[in-house]
Amino acid sequence: MATTLSLCAPNRVSCSRLGGKRAVGSARALAATRAPARFASRRSVTTRAVQEIAGADWKKEVLESDIPVLVDFWATWCGPCKLISKVVEKAEEAYPKDKLKIVKIEVDPNPDLVEEYGVYGLPTIILFKDGKMVEGSKREGAINLPKLKEHLAAYGLDA
């Protein structure tokens, strides 16, 4: 069965894998049609994922937690939030799950939490212990993993 790609690139490329049909797109797009065979031999790696919570889960997941909780306040439209999402995921892997819980909460559907905790800039991370915000733990803006570990170490959390 012949496949025709419809992509944004204006050039037309003929491909024998497409039965000699012409495809709209780039050579890279045509290479993508072969990607499944090329990557089939890679093994799957399972990692812990940062839990994304809704406002309704706030009390149970953050305030009633037996272990410290690092909360990442983020928004879909926030560029720096996307940058630190990888840092937060790496931190999730670096800290034992019985020592630190890391959760993300989107600010747009949760304006009450934004107001209550004074989240004025994004991204914002805040550490909670025993159901309360740890004094001075709120940090706004992008951060790298070593700085995040240093920040958490200042509050007694070592990886």
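The values are calculated or read from the model by the stated rules, or taken from the named source; none is laboratory data. All values reported here derive from a predicted model rather than from experimental measurement. Here Cβ is always computed from backbone atoms with ideal geometry, including for glycine, and neighbour counts include all displayed protein chains. In case anyone asks, the SASA skips ligands and DNA or RNA and just uses the protein heavy atoms, side chains included. Shrake-Rupley method; radii C 1.70, N 1.55, O 1.52, S 1.80 Å.
Using a simple spin-label model with pseudo-atoms 7 Å out from Cα toward Cβ, Glu116 and Leu83 lie 3.0 nm apart. Per atom type, region 63-159 shows carbon and sulfur on 51% of its accessible surface, probed at 1.4 Å. Based on protein heavy atoms only, region 95-159 ends up with 55 Å² per residue of surface accessible to a 1.4 Å probe.
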